[in-house]
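Notes follow once the structure below has been shown.
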Amino acid sequence: MILIANSEAWPGFQTTVDRLRAGERGPDPLVAGISCVEREVTVRSVGYGGWPNMLGEMEFDAGVMDGTTRQVGAVGALRDVVPASAVALQVMRRLPHVLLTGDGARRFALECGFAAEPTLLEDSRRVWWERLEKELPPADLAAFPDIPLAPLSRAITDPERVRDTTVFLGQDSGGGLHAATSTSGWAWKYPGRLGDSPIAGAGFYADSRFGAAACTHTGEMTVRCGTARSIVLALQLGRTLREAVDLAVADLATLDLGFLAGVVIHALDAQGNHEVVSFRCGPAIRYWYWDPSLTAPEERVARTV
């Protein structure tokens with residue numbers, strides 16, 4: 001057994017550890033832990049603590065993959081419902097589809113018994129509006145939201161720098177490798193934007209025969225490169241885990257147009273090895289790690305490339 005997750009996973013990491021120790025298999029232990037993160041208001045990149053889109057609306061993305069069956073469930077631009085990861089799990093369990101977005105995702109969540117509730121914190125609403133007041137001239141502010149939003153996409157997003165995702169990767173007692181992700185996406189994103197978090201193969205992928213990977217930060221880049229799937233495919237083709245991750249990083253480095261920033265990759269192989277790598281995100285990236293040899297989870301520093 002093994003479990004890794006990004007540094008913001010602290011509210012639920014122990015929950016997942018406890019369920020893995022108890023012998024629970026499949027993606028459910030990961031979703032149990034990530035759901036705790038989604039409910040923690042001090043984690044400002046996911047769930048209740050996240051930031052709204054340009055219109056001041058919370059939109060959540062999440063994905064779940066069972067690496068033994070390679071079944072996937074995901075939701076994108078989900079409104080009014082937390083935890084999004086638990087809704088994604090139900091997509092996997094109840095539907096022949098793998099991804100629901102927007103109104104359809106919300107409708108499905110309510111059909112499954114999830115409650116619609118306010119998800120925009122008052123502090124988040126205040127910061128969002130103050131930011132608009134700084135960026136918009138009085139006439140546009142008076143007409144908001146009936147103005148073009150695209151010109152605001154860089155001016156509002158870049159200073160906020162909130163693009164992180166909560167990711168859990170684990171190997172259960174039966175050797176199954178699984179992945180779960182959740183995010184509120186970029187602060188002040190264009191409404192309806194999906195990053196890599198709900199996109200299997202980009203933001204997450206798991207195959208119990210070979211490995212699992214998940215990405216955080218600039219999802220537009222990992223969507224373009226199919227980063228998570230490329231790592232698992234490289235493992236399937238006989239590369240070591242480090243070689244597989246470095247190949248994915250090299251691929252990201254070839255991008256020279258579009259929005260370019262940093263990516264953090266988390267990865268496991270079927271032999272229990274792990275890699276967490278910071279690409280253009282600096283040397284201070286940390287993550288959580290646990291295996292049964294440890295008395296408690298450890299926070300470790302990612303490799304920088």
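The table for this structure:
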| item | result |
| --- | --- |
| Selection from the range 138-161 of residues that are outside any loop (DSSP other than H, G, I, E, B), surrounded by 12 or more Cβ atoms within 10 Å (Cβ to Cβ) and either at pLDDT 85 or above or touching a helix residue (DSSP H, G or I) at 6+ places or on another chain (Cβ under 7 Å) (or both) | Asp140, Leu141, Leu152, Ala155, Ile156 |
| Residue satisfying all of: in the range 23-34; touching a Ser or Thr at 6+ places or on another chain (Cβ under 9 Å) and surrounded by fewer than 24 Cβ atoms within 10 Å (Cβ to Cβ); farthest from Ser153 (Cα to Cα) among these | Gly23 |
| Residues satisfying the stated conditions in the range 177-215, i.e. in contact with a Lys or Arg (Cβ under 7 Å, 6 or more places away or on another chain), modelled with pLDDT of 95 or more and in a loop (DSSP other than H, G, I, E, B) | Gly201 |
| Qualifying positions in the range 162-176 - at pLDDT 90 or above, closer than 20 Å to Ile285 by Cβ and not small (Gly, Ala, Ser) | Thr166, Val167, Phe168, Leu169 |
| Checklist (1) under 16 Å from the mean Cα position of the chain (by Cα); (2) modelled with pLDDT of 95 or more; (3) surrounded by fewer than 24 Cβ atoms within 10 Å (Cβ to Cβ); (4) not aromatic (Phe, Trp, Tyr) applied to Ser7, failing item | (2) |
| Filtered residues of the range 263-281 (kept if touching a strand residue (DSSP E or B) at 6+ places or on another chain (Cβ under 7 Å) and either of a type in the set (Phe, Trp, Tyr) or over 16 Å from Leu247 (Cα atoms) (or both)) | Ala270, Gly272, Phe279, Cys281 |
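Yes/no per residue for (1) surrounded by 19 or more Cβ atoms within 10 Å (Cβ to Cβ); (2) within 19 Å of the chain's Cα centre (by Cα); (3) acidic (Asp, Glu):
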residue	(1), (2), (3)
Leu260	no, yes, no
Ala267	yes, yes, no
Gln271	no, no, no
His274	yes, yes, no
Ser278	yes, yes, no
Tyr287	yes, yes, no
Ser293	no, no, no
Ala296	no, no, no
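The values are calculated or read from the model by the stated rules, or taken from the named source; none is laboratory data. Predicted model, so just to flag it, every value in this text is computed and none were measured. A quick note on method: Cβ atoms are made from the backbone with ideal geometry, for glycine too, and the neighbour counts reach across all protein chains shown.
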